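Below is one structure, written out as structure tokens, with a few remarks after it.
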Amino acid sequence: QVQFVESGGGLVQPGGSLRLSCAFSRSIFSINIMGWYRRAPGKQRELVAHITSGGNTYYIDPVKGRFTISRDNAKNTVYLQMNSLKPEDTAVYYCNTYPPRVEYWGQGTQVTVSS
């Protein structure tokens, strides 16, 4: 089964940082847009950021200036650097194509921001 595998989550205090990684079992070189998504408790999954194969990025307003998405096609990996984390960033984070493909959803990685 082809899937993305997310890692790097954990418990962090407000103001802290985490770097999430997303590995794919095959080349992402041909995937134009890769995205990071999150599902907070009691809410629907939402797009957080995406990046094109050319390096153009998009962020939702709540994370602008704090999160940075990047990709390494040679390693078939996408990253999400998260700085100045807030309690409202608490969620399970997933990566997928943009728009997402149902068959590519992985388990996600839990990020909890709490003092």
- Item | Cα gyration tensor shape of segment 22-82, rounded if a/c is under 1.5, else prolate or oblate by comparing a/b with b/c | prolate
- Task: Name the aspartates and glutamates eligible as straight-distance cross-link partners of residue 75: C-alpha to C-alpha under 15 Å, and not fewer than 8 places from it in the same chain.
- Result: 6
- Hey, what do the phi angles of segment 21-36 turn into as Karplus ³J(HN,Hα) couplings, whole Hz, using 6.51/-1.76/1.60 and θ = phi - 60°, x for Gly and Pro? 10, 9, 9, 10, 7, 9, 4, 9, 4, 8, 8, 5, 10, 10, x, 10
- Message: Give the separation of the Cα centroids, segment 75-101 to segment 7-23, in Å.
- Response: 9
- Message: Which trypsin sites (Lys or Arg not before Pro) in segment 33-115 sit in a loop by DSSP (not H, G, I, E or B) and have at most 11 other Cβ atoms within 10 Å of their own Cβ?
- Response: 43, 64
- Message: If packing is taken as the average number of other Cβ atoms within 10 Å across a peptide's residues, how do 82-90, 54-62 rank, most packed first?
- Response: 82-90, 54-62
- Query: Under a point-charge model restricted to the Cβ atoms of Lys and Arg (+1) and Asp and Glu (-1), what is the dipole moment magnitude of the chain relative to its Cα centre, in debye to the nearest 20?
  - Reply: 40
- Note on the structure: Residue by residue through segment 87-100, the couplings from Karplus 6.51 cos²θ - 1.76 cosθ + 1.60 with θ = phi - 60°, in Hz, x for Gly and Pro, are x, 6, 7, 4, 4, 8, 9, 10, 10, 5, 5, 10, x, x
- Query: Which lysines have a Cα lying under 24 Å from the Cα of residue 86, excluding residues fewer than 8 positions away in the same chain?
  - Reply: 43, 64
- Beta bridges by DSSP in the chain, antiparallel share as percent, to the nearest 5: 90
- Task: Would you be so kind as to identify which of 57, 47, 7 lies farthest towards the positive end of the dipole of segment 4-63, taking Lys and Arg as +1 and Asp and Glu as -1 on Cβ and the Cα centre as origin?
- Result: 7
- Item | Label zone at residue 44 (point 7 Å along Cα-to-Cβ), backbone N below 20 Å, segment 66-96 | 89-96
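Read-outs throughout are calculated quantities, based only on the coordinates presented, and are distinct from any laboratory measurement. Quick caveat: nothing in here was measured; it's all calculated off a predicted structure. As a convention, Cβ positions derive from the backbone with ideal geometry for all residues, glycine included, and neighbour counts pool all protein chains shown.
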